[in-house]
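Just below is one structure, and these are the notes that go with it.
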Amino acid sequence: MMADHGGAAAAGAAGTRGPEAAASAATVVTALAAAAGTGAPGPLDSGPAGHLATVAAAVAGGATSPASAVGDGGFVFDAAGGDSLREECGVVGVWGDPASAATVYYGLHALQHRGQEGAGIVTSAPDGEDLLEHKGLGLVSEVFANVADLERLTGHAAIGHNRYSTAGAKSVRNVQPLVATFRDGPVSVAHNGNLTNAPRLRVELELRGSIFHTSSDTEVILHLMATSVSSAGELSRRVADALGRVEGAYSVLILSRESLVAVRDPRGFRPLVLGALPSGGHMLASESCALDLAGASLVREVEPGEMLVLSATGMASYFPFARARRRACVFEHIYFSKPSSVVFGRSVYASRVRFGELLAATAGVPHADVVVPVPESGVPAALGFSAASGVPFQQGILRSHYVGRTFIQPSQGVRDIGVKLKLAPVRSVIAGKVVVAVDDSIVRGTTSKKIVLMLRDAGATEVHMRIACPPIIGSCYYGVDTPDRESLISFRNDVEATREYIGADSLGFLPLDGLHDFLGEEADTFCDACFSGQYPILPVE
Ligand code: SF4
C-alpha cells in the first residue's frame, strides 16, 4: 500500500509561538552555546528563530555530508547504515581570475557534501595550446593533497567537479570534468544532473561510430557537440545544439580556450548560481556556499533554460531552448544543499527550520520532554519543531566528526557498530525522558530503526520519530542516487507499518500538502516527484 501522506500517529499540535516557545528558544540557545563552548549567547535582537539560526549553524558547522564512508579493499562501510539519498555532483567555474584553479579548489571544498567519490579541476589560459587537468578518486583534499598538482593548473579560467557515483561506476575515467579535443580545439565539461534520454542517445551515437570512454551520461554531451552541424568555432552554438537534443536535468559548465559556457536545463532541476569575484572575474557554482568560501558575492541564479557565455568580450545571456515550467528539486532544501546556501532564491536553513515548525503543527507530541535532532541534517528542523511546540531542544545525539574513511570489519558480536561509530546518545539528556527525534528524511528505514533502538538503550521512556519531509515513495531520475522504489520503506508500507518497523512509539511526516503550503505560489515550480509520483519527465531507454 502507498504511504499515507497525512500527519503523525501521535495526536495534538502546538503551532503557535508564545511564552512557552520563547522559553524553549532560550533553552535551545543556552544548550547550543554550551555545546559550542562559546559561553553565553548574544542578545535575541533578531528574534528567537534568527538567533537560533546563527547559533545552530555554528554548532552544526554547516555540514550536511551524507554519512557514508567507503573503505579500501572493496569493503564498503556506511557508518549511518546507507540510509540517505545522495546528490550526484557539484560544479564550480571561474572566468577572469589569475588564480582560477585555487578559487575552484575552495569552491569544491565548500561543495564536498554534493559528492565524495572523485574530484577534478581543468584550467584554460588564453595563450595555452591545451587545457590543463588534474583529477582523481577521493575527497577534494585527497585528490589535491600534493599542492604541486594545483599549482600546475595555471590559467585565468577553470571548471571543477565533485562526483558521487553509483555502485559499479566508481572509476577515475568517470571523474569529471571530462576533456575532449574537437576540430576547433580542446573542450571540457562538468555536469550536475542526469540526462533522462542518455541511453537512447548513446546507442544512436555508437551506431554512428562514436566510441565512448566512460559510462557517464555526461559524455553524451561531448559527442553531441562533436557531431553538431552548427558553425565551427562557436562553442556556444555547438553547446546549444547538443543540449537541445538532451532531456532531463543538467546544470553544466563547458570550458574551452576562448570561453566558459554555463547552462541550466529549461526546468532548472538542479541549482546553479552566478557570483562576482573581488578580482573582477566571475564565478559559477552549484550552491552559494561555494561563493562564500571563495570570497565571491552572489549576483543571481542562472535562470532555468539560460546559457551564459563568458569570454574576452564580456558576458552574454541566451535562452536557446523551448521554455518549460521550472521544476526545481525540493529535496535540495530538505537535505542536499548546505544550510548556509541560498538555493532557488530561498535560504536552505530557513526552509528547514520552517519544515520543523510545520511538522510540530501537524504531528506534535504535547507530552514530550525533549526534542532531539538526528545530526547533522536534522538540526534546523528540530529547532523549528522545538520553537513551535515549546518542547525544549537538546543535543541528545552527538555525531563523531572523526570517523575515518577506512574501517576494519567489525566483529559480529558488536551490534549496529555502524551507527554507534557515527552517532552517540547523551544519556543525561535521554534517560527517563519522552523523546522526539527529528530527522530530515527516511529512505530505507534502517538508520531510523537503529536510532530508535539507541535512544531506548539510553533510557528513553518513549521515542517519537518525526520526519521533516513527506514519505519518499519513488526514485529520482534527475541526478540523485536513490534506491529502487521497492527498497524505499514508504513505498512498501504505510505510516503505521513503517512505525512498527523502526520500533518508534509514534511516527510523523511533514504532509505533502504542508510542503506545498510552505512553497506557496511557487509550489508548482518545484519537483516533488519522489514524494508525489508526479514526474515532470520520464526516462527514455
Ligand atoms: Fe528532487 Fe525528488 Fe524531484 Fe529527484 S524526484 S529532482 S530528488 S524532488
Taking the Cα centre of segment 198-323 as the origin, how large is its charge dipole in debye, to the nearest 20, when only Lys and Arg (+1) and Asp and Glu (-1) carry charge on their Cβ atoms? 200
Interchain or sequence-distant (5+) residues whose placed amide H lies within less than 5 Å of the amide H of Ala504 are none
Under the classification rounded if a/c is under 1.5, otherwise prolate if a/b is larger than b/c and oblate if not, where does segment 337-406 fall, given a ≥ b ≥ c as square roots of the Cα gyration tensor eigenvalues? oblate
By the C-alpha gyration tensor axes a ≥ b ≥ c (rounded if a/c is under 1.5, else prolate when a/b exceeds b/c, else oblate), the shape of segment 83-148 is prolate
Students often check this: by mean Cβ neighbours within 10 Å, which of 217-224, 281-288 ranks highest, and how do the rest follow? 281-288, 217-224
Would you please give the residues with an amide H less than 5 Å from that of Glu306, counting only those at least 5 places away or on a separate chain, with H modeled from the backbone geometry? Arg264
Between Leu398 and residues 5 or more places away or on another chain, the pairs with built amide H atoms under 5 Å apart involve Ala424, Val426
With θ set to phi - 60°, apply the Karplus curve 6.51 cos²θ - 1.76 cosθ + 1.60 along segment 213-226 and write out the HN-Hα couplings as whole Hz, x wherever there is a Gly or Pro. 9, 10, 9, 7, 5, 4, 5, 4, 4, 4, 5, 5, 5, 5
Could you state how much accessible area Thr461 has, in square angstrom rounded to the nearest 10, with a 1.4 Å probe and all protein chains kept in place? 80
Is the shape of segment 282-357 rounded, prolate or oblate, going by the alpha carbon gyration tensor and its root eigenvalues a ≥ b ≥ c, with a/c under 1.5 for rounded and a/b larger than b/c for prolate? oblate
Lys/Arg Cβ at +1, Asp/Glu Cβ at -1, dipole of segment 292-349 taken about the Cα centre: which of Ser341, Val330, Val302 is farthest positive-ward? Val330
Working out 0.36 nm times the residue gap between Glu303 and Glu142, then minus their Cα-Cα distance, what length gain in nm do you get to one decimal? 54.6 nm
Towards the positive end of the charge dipole of segment 410-533, with charges on Cβ (+1 Lys, Arg; -1 Asp, Glu), say which of Ile472, Leu515, Ile430 has the farthest Cα. Ile430
With all protein chains present, how much of the accessible area of segment 442-541 (probe radius 1.4 Å) comes from carbon and sulfur, to the nearest whole percent? 46
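The values are calculated or read from the model by the stated rules, or taken from the named source; none is laboratory data. Note that the structure is predicted; figures quoted are calculated from it, not measured. A quick note on method: Cβ atoms are made from the backbone with ideal geometry, for glycine too, and the neighbour counts reach across all protein chains shown. The area values use the complete protein model at the heavy-atom level, side chains included, leaving out ligands, DNA and RNA. Shrake-Rupley method; radii C 1.70, N 1.55, O 1.52, S 1.80 Å.
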